[in-house]
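Everything below concerns the one structure shown next.
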Amino acid sequence: MSIEKIADYLYVSRQLNERTAKQVAQYNIKTVICNRPDGEEPNQPDFETVKAWLQANGVENVIYLPATMDTITDELLQEFEVTVAKSESPILAYCRTGTRSAMLWALNQSKRGVEVNSLIRAADLAGIDLTKMREKLESVSPRHQQ
């Protein structure tokens, strides 16, 4: 997976490098959200480096919103949702593999009542397997709450 569309307004990607930062501009992406914490693994480019690569290629709106699967809280979900809502699209969210970014999107969609199977399918079409996250997605869905 490189840069994959998961919704009309949102792409997801694994960790960007200098080459993929150039590709982001070719997709006409207006906003990039980094969901990967700095220092997550050795030799990972830090946020400021990626931001400089993106800005050198004309992408000015670059936002640092780090997350791990263990730190996805209601507050973080709300911050992701607000960031997406107020940012110019199309938007690219990235992390190590794209899974966390897709999960942030899917959890917010599930909270709005979007059917979990359709969210899992959309992620699958983008090369991301959220099947192991089904229970968490269902737990926030008003469709599954009694």
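This table checks each residue for (1) surrounded by fewer than 19 Cβ atoms within 10 Å (Cβ to Cβ); (2) free of Cβ contacts under 8 Å to residues at least 40 places away in the same chain.
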site: Ser87; (1), (2): yes, no
site: Arg96; (1), (2): yes, no
site: Arg100; (1), (2): no, no
site: Leu104; (1), (2): no, no
site: Ser118; (1), (2): yes, yes
site: Glu135; (1), (2): yes, yes
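Only residues that are within 20 Å of Arg96 (Cβ to Cβ), surrounded by 12 or more Cβ atoms within 10 Å (Cβ to Cβ) and of a type outside the set (Val, Ile, Thr): list them for region 54-84, please.
Matches in region 54-84: Leu54, Tyr64, Leu65, Pro66, Ala67, Leu76, Leu77, Glu79, Phe80.
Take the residues in region 38-53 that are of a type outside the set (Val, Ile, Thr) and either surrounded by 17 or more Cβ atoms within 10 Å (Cβ to Cβ) or touching a strand residue (DSSP E or B) at 6+ places or on another chain (Cβ under 6 Å) (or both); name whichever of them is farthest from Thr71 (Cα to Cα).
Residue satisfying both the conditions and the ranking: Trp53.
Take the residues of region 72-126 that are in a loop (DSSP other than H, G, I, E, B) and aliphatic (A, V, I, L, M): which is farthest from Ser2 (Cα to Cα)?
Restricting to residues being in a loop (DSSP other than H, G, I, E, B) and aliphatic (A, V, I, L, M), the top hit is Val114.
Every number in this text was worked out from the coordinates using simple rules, so none of it is lab data. Remember, predicted model here, so these are calculated numbers, not experimental data. Cβ coordinates were reconstructed from backbone atoms using ideal geometry, including for glycine residues, and neighbour counts include every protein chain displayed.
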